Amino acid sequence: MISIDNLTVEFGGFTLLDSISFVINKRDRIALVGKNGAGKTTLMKIISGLQSPSRGNVSIPKDTTVSYLPQQMQLSDNDTVYKETEKAFAHIHETEKEIERLNRELSERTDYESEAFAKLIEKVTHLSEHFQLTGGANYHAELEKTLMGLGFTRDDFNRPTAEFSGGWRMRIELAKLLLQRPDVLLLDEPTNHLDIESIQWLESFMATSPGAVMLVSHDRAFINNTTQRTIELELAHLYDYKVKYDEYVVLRRERREQQMRAFENQQKMIADTEDFIERFRYKATKAVQVQSRIKQLEKIERIEVDEEDNAMLRLKFPPAPRSGSYPVIVENLSKSYGNHTVFQNVTFTINRGEKVAFVGKNGEGKSTLVKCIMGEITDYQGDLTLGHHVKMGYFAQNQAQLLNESKTVFETVDDVATGDIRMKIRDILGAFMFGGEASDKKVSVLSGGERSRLAMIRLLLEPVNLLILDEPTNHLDMRSKDVLKNALKDFDGTAIIVSHDRDFLNGLVDKVYEFGNKKVREHLGGIYEFLEHKKIENLQELERRTVEMQQSVKEEVKNVSYEEQKEQARILRKLEKTVAEHEQKITELEKKISDIEILMATPEGAVDHSLYVRHEALKNELSQITDKWANALEELDRLK
């Protein structure tokens, strides 16, 4: 569907991407991975048309739509949540206006027998069919379902977008992109602003989405659940693995081992050649061989190996000063803002040494309760007691703003490092993407994400016994998250972690506190045990509703005669067969169209006019059969 051919990106003599080529096929689910700075975001911007490469081509068929969600973007504050999201259906509104205009023209004309009048009717019919096919009549339900899936409530729909934080407004932009149903969806860190329930909803949405998806994410569970192909950018080159992320990690390790062996063999060969040249450089009888070896060395394409290989780095917290047995005791705690109750009658106790997770939708009170524990909020009702000799360490996004801007990265960490850990500052900085010259940067020139990572490192080196981490993984890559997770596992104090990253929480926490409906519920066990429990609860609720619905249907069926039931069953069977036949035909046509699009993406196919004719004919046939399928399905749903 999209062909990337010999793409090169250079910045002032530095090559970011070097002659990379690959194809994005229909329904591909691609994870784009690589170290920060490897060129992932640049590649997405080039595919979306926002940036141009130094050399190479991106071939996109004319009728293919591409949508891109960047990590940061300018957001509109002029409309309500519903009105802003509804902009995703601007094309539907335009079609609706055009149909109205043409119908007015038809009503005013009297040349009923003319060819022009017949063409006008044909155009109205075509637009009306297209309007129905694109969901013109029922897009409101799809819009509401998407907003609620991403965590909004019906009460939020008519609120101005200006009332929401940047993270929530990013959700609105994500909703707009999803509702546009583009052929190719490019997502750069889409889970950073989502809670666990919204992430799971997005996974389900993507599983049924008909288009292709390419995404960048440091959420390992999310990319494992949503992608089947992994493209890695490393040292300006591209490596394409037709497997999920976890399988890619294994294959990459094997490739790296082969690369290291090849590198070592090449280095030995170079050393032997250089030794030969040095020994016989001034011997006339060996002049020809020496010149031959020199030319041989010049022609060698040097094997490069990724520098980062301190993945085994283990960072340990300083020993935690011993606290009382119960660092946090909460009894009948309630907090309100005016008439809005955030939570009420919350009671729980956190024991010394426990690692617990706070989870739930955004806005349900997780950060509010953290601020109560921190002492930043004191006007609550109920009791909140901190244990004896509790010394807290706190990380949130705003911690990054408190750093001294006049100091370097290295000095910022050196200020809090004590003992033997000072000998490993460079290694620690490297593990959190501040390797080499980056450690000498001034804090004042760091991005928001870099400042957050630096604030995290400082926290890791301070001797505390109660750690509170609010979304600690948002700006960390896979490797940095592993370093942090291992350090937290070894931490001998108590930790409260507010996070939506299931992979990060898995194996780290042994208790989950769920925030929702103004309550906080305690769940013993890890994050996946909690999610399984939630799934069972939701299934039980679904079963209860299903039983109620079945009973209602039975009451209605009692009033229908046997002959009527028999006739209805016959019609249903016929419709089900028709729907299945149409679905089979649609699958066959989509396969044929996909095969032609692959050919059209090649240099030879790009100039083959017959391919475009066949492509257009198949698209028309697909459109007609899809209309028939939609009508049959609608009738089937109505009868059922």
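Some points to look at:
- Taking TYR612, TYR380, TYR394 and ordering them by how much accessible surface each has at a 1.4 Å probe, largest first, produces TYR612, TYR380, TYR394.
- Over the stretch 433-511, relative contact order from alpha-carbon pairs under 8 Å, at least 6 apart, %: 32 percent
- Remark: C-alpha extents of the stretch 144-241 on the principal axes read 47, 26, 22 Å, sorted largest to smallest.
- ARG614 contributes about 130 Å² of solvent-accessible surface, heavy atoms of the protein only, 1.4 Å probe.
- Interchain or long-range residues, amide H under 5 Å from VAL243's placed H: THR230
- Percentage, to the nearest whole number, of Cα pairs in the stretch 25-112 over 19 Å apart: 66 percent
- Heavy-atom accessible area for MET456, with the other protein chains in place and a 1.4 Å probe, reaches approximately 0 Å².
- Ranked from largest to smallest solvent-accessible area, with a 1.4 Å probe on the protein heavy atoms, TYR528, TYR513 come out as TYR528, TYR513.
- Enclosed volume per residue, in Å³, of the convex hull spanned by Cα atoms of the stretch 422-474: 93 Å³
- Hydrodynamic radius of the stretch 148-197 by the Kirkwood approach over all distinct alpha-carbon pairs: 11.9 Å.
- Taking all protein chains as they are arranged and a probe of 1.4 Å, the heavy atoms of GLU108 leave approximately 140 Å² accessible to solvent.
- Farthest toward positive dipole pole in the chain [+1 Lys/Arg, -1 Asp/Glu at C-beta], among THR273, GLY167, GLN568: THR273
- Debye, to nearest 20: dipole size of the chain, +1 on Lys, Arg Cβ, -1 on Asp, Glu Cβ: 1620 debye
- Backbone phi angles across the stretch 620-635, fed through the Karplus curve with coefficients 6.51, -1.76 and 1.60 (θ = phi - 60°), yield HN-Hα couplings of 5, 5, 5, 4, 5, 5, 5, 4, 4, 4, 4, 5, 5, 5, 4, 5 Hz in residue order; Gly and Pro are listed as x.
- Directionally averaged shadow of the chain, computed from the convex hull of its alpha-carbon atoms, nm²: 42.2 nm²
- Placing +1 on each Lys and Arg Cβ and -1 on each Asp and Glu Cβ, with no other charges, gives the stretch 200-348 a dipole about its Cα centre of roughly 420 debye.
- Excluding ligands, DNA and RNA, the accessible surface per residue across the chain is 54 Å² with a 1.4 Å probe.
- Annotation: lysines with alpha-carbon distance below 30 angstrom to LYS441 (same-chain offsets under eight excluded): LYS35, LYS40, LYS45, LYS316, LYS407, LYS424, LYS481, LYS485.
- 18 Å reach of a label modelled at GLU331, 7 Å along Cα-to-Cβ, counting backbone N of the stretch 345-382: 345-352, 373, 380-382
- Ordering LEU402, LEU333 by accessible surface, largest first, gives LEU402, LEU333; the 1.4 Å probe counts only protein heavy atoms, with every chain in place.
- Residues of the stretch 497-527 with amide N under 15 Å of a point placed 7 Å along Cα→Cβ from LYS535: 502-503, 526-527
- Only helical runs count toward this figure. For the chain, summing -39,500 (n - 2.57) over DSSP H runs of n ≥ 4 and dividing by all residues gives -15500 deg cm²/dmol at 222 nm.
- Its relative contact order, with pairs defined as Cα atoms under 8 Å and 6+ residues apart, puts the chain at 13 percent.
The values are calculated or read from the model by the stated rules, or taken from the named source; none is laboratory data. Keep in mind that this is a model prediction, so the values were computed, not measured. Every residue, glycine among them, receives a Cβ derived from its backbone with ideal geometry; neighbour counts consider all protein chains shown. Quick note on the areas: whole protein, heavy atoms, side chains included, nothing else; ligands and nucleic acids left out. Shrake-Rupley method; radii C 1.70, N 1.55, O 1.52, S 1.80 Å.
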